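This report refers to the structure that appears directly beneath it.
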Amino acid sequence: MSKRSRKVSKKKSQKENNENSIKIANELSDNQIFRKEEYSMLFTDYRLKTFTDWPFDEDNSCNPYALASAGFYHIPTNEEPDATRCFCCYKDLDGWEPDDNPWEEHRKHSPHCAFLSLNKSVEKLTVDEFLKLECERQKNKLKKLFHIKIDELKHHGKNVRMEMAKINK
Ligand SMILES: [Zn+2]
């Protein structure tokens, strides 16, 4: 239970924000051209392949297949080896417990995720549903990138103020 709360309360380090920023910036690409790596995360099988070193197996409810089915792919870092991200709402969750239900955790931490609302895999969507989902996904990706950039700017501003305070002494 205590670990689960980390999913919302844990503050990401600047280093990790930078790592995530690079990953998302790569996904955005220079000209918004079609990128296979980005779109592959829409599909359960590709998300499943990202869980190469997951601590819990199929005897636990929090297993790679359940996570991938619930929209998550694995984005491990040294500090957060169990970090995951939803391909649609871009919510990052870590601190998973073996008996967690990925679908329920997803709903709890990101109740408005368009993928959850549709409640079916991308392979089974109609063209109309797919386009709506893709529109939401692109909006969420940009929001995520902007939040990361704002944090970077705040961090930079703090450093500049500290340097200026030293000069004024
Ligand atoms: Zn989501």
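The values are calculated or read from the model by the stated rules, or taken from the named source; none is laboratory data. None of the values given here were measured: they were computed from a predicted structure. In this analysis, Cβ positions are derived from the backbone assuming ideal geometry, glycine residues included, and neighbour counts consider all displayed protein chains.
When the stretch 130-145 is filtered for residues that are within 15 Å of the ligand (Cβ to nearest atom) and within 23 Å of residue 65 (Cβ to Cβ), the ones remaining, listed by number, are 133, 137. When the residues of the stretch 38-79 are filtered to those that are in contact with a helix residue (DSSP H, G or I) (Cβ under 8 Å, 6 or more places away or on another chain) and aromatic (Phe, Trp, Tyr), the one that is surrounded by the most Cβ atoms within 10 Å (Cβ to Cβ) is 72. Residue 88 meets the conditions (1) part of a helix (DSSP H, G or I); (2) in contact with a Gly (Cβ under 7 Å, 6 or more places away or on another chain) in every case but one. The failed one is (1). Looking at 63, 78, just one residue is of a type in the set (S, T, N, Q) and either modelled with pLDDT under 95 or touching a Leu at 6+ places or on another chain (Cβ under 6 Å) (or both), and that residue is 78.
Against the numbered list (1) farther than 23 Å from residue 149 by Cβ; (2) at pLDDT below 75; (3) in a loop (DSSP other than H, G, I, E, B), residue 51 comes up short only at (2).
Among the residues of the stretch 91-102, is any surrounded by fewer than 16 Cβ atoms within 10 Å (Cβ to Cβ) and either outside any loop (DSSP other than H, G, I, E, B) or under 14 Å from the mean Cα position of the chain (by Cα) (or both)? Looking through the stretch 91-102, none of the residues is surrounded by fewer than 16 Cβ atoms within 10 Å (Cβ to Cβ) and either outside any loop (DSSP other than H, G, I, E, B) or under 14 Å from the mean Cα position of the chain (by Cα) (or both). Within the stretch 118-142, residues that are under 18 Å from residue 107 (Cβ atoms) have Cβ atoms under 9 Å from residues that are charged (D, E, K, R) and assigned to a loop (DSSP other than H, G, I, E, B) in these pairs: 140/91, counting only partners at least 6 apart in sequence or on another chain. Could you check, for the stretch 129-140, whether at least one of its residues is modelled with pLDDT of 90 or more, exposed (fewer than 12 other Cβ atoms within 10 Å of the Cβ) and in a loop (DSSP other than H, G, I, E, B)? Scanning the stretch 129-140, I find no residue that is modelled with pLDDT of 90 or more, exposed (fewer than 12 other Cβ atoms within 10 Å of the Cβ) and in a loop (DSSP other than H, G, I, E, B), so the answer is no.
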